[in-house]
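Working notes for the structure below.
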Amino acid sequence: MGRKSSANDNDAREKMARKTIARGMALLAGGAALALLAQGAAAEVKKVHEKGLKPYEIVDGVSIPKPLTDRPGDPARGARLMVTRKKGNCLACHKVQQLGDYPFHGNIGPELSDVASNLTEGEMRLRLVNPKVINPDTIMPAFYRTEGLHRVMKKFQGKPVLTEQEIEDIIAYLKTLKVSK
């Protein structure tokens, strides 16, 4: 009988060892899966280098979080650029309640009166620099691009519509646009 119980003990230990190994492998697999998920959660960064422009990074396809200049934007200059037909001309497509003194606000694009409550600075920057990253079918022009554009007049080829500083000035103004609720 001593032998039988010893064989049973060995079988029980072996079963227990198999279960322990199986649990350990499951934990390792779970840990590996979590590590893969954590890696997948890391931001996707796309570096953009266009001829004649300062390089910038698009993060997760929705934002350019870093300013294009070292100098902060000027909101007053940004407001002027938004209404200047030869520069931003934003009112051709967008309504901005805060610029009510200027006539003929457009309604093709979204209203910008409360944009600072809805978009981050980086999200605004990407929409100005190259809105086609977010919506390939948009009719909004890319204001800071020199490549991949179509039907550009010869005198404007290789030049962005807005400079880095003008982009930052417009963003500084857009950051002031909030509507009290």
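Each reported figure results from applying straightforward, stated rules to the coordinates on display, with no laboratory input. This one's a predicted model, so the numbers in the text were calculated from it and none came from an experiment. As a convention, Cβ positions derive from the backbone with ideal geometry for all residues, glycine included, and neighbour counts pool all protein chains shown.
Could you list ASP114, ASP137, ASP70 in order of exposure, starting from the residue whose Cβ has the fewest other Cβ atoms within 10 Å?
Numbers: ASP114 17, ASP137 5, ASP70 8.
In order of increasing Cβ crowding within 10 Å: ASP137, ASP70, ASP114.
For segment 111-170, which trypsin sites (Lys or Arg not before Pro) pass both filters: DSSP loop (anything but H, G, I, E, B) and at most 12 other C-beta atoms within 10 Å? Don't skip to the end; give the middle numbers.
On the way: sites: ARG125, ARG127, LYS132, ARG145, ARG151, LYS154, LYS155; in loops: ARG145, ARG151.
Answer by residue number: ARG151.
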Testing the spin-label approximation: label points 7 Å from Cα along Cα→Cβ at GLN157 and ILE108. State their distance in nm.
2.5 nm
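Assuming R0 = 25 Å, what is the FRET efficiency of LEU149 and ARG77, from their Cβ-Cβ distance, to the nearest 0.05?
0.50
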Taking a crude spin-label model, label points 7 Å out from Cα along the C-beta direction, the ASN135 to GLN97 distance in nm is 2.1 nm
Computed label-point distance, nm, for sites LYS87 and ASP70 using a 7 Å Cα→Cβ extension:
2.3 nm
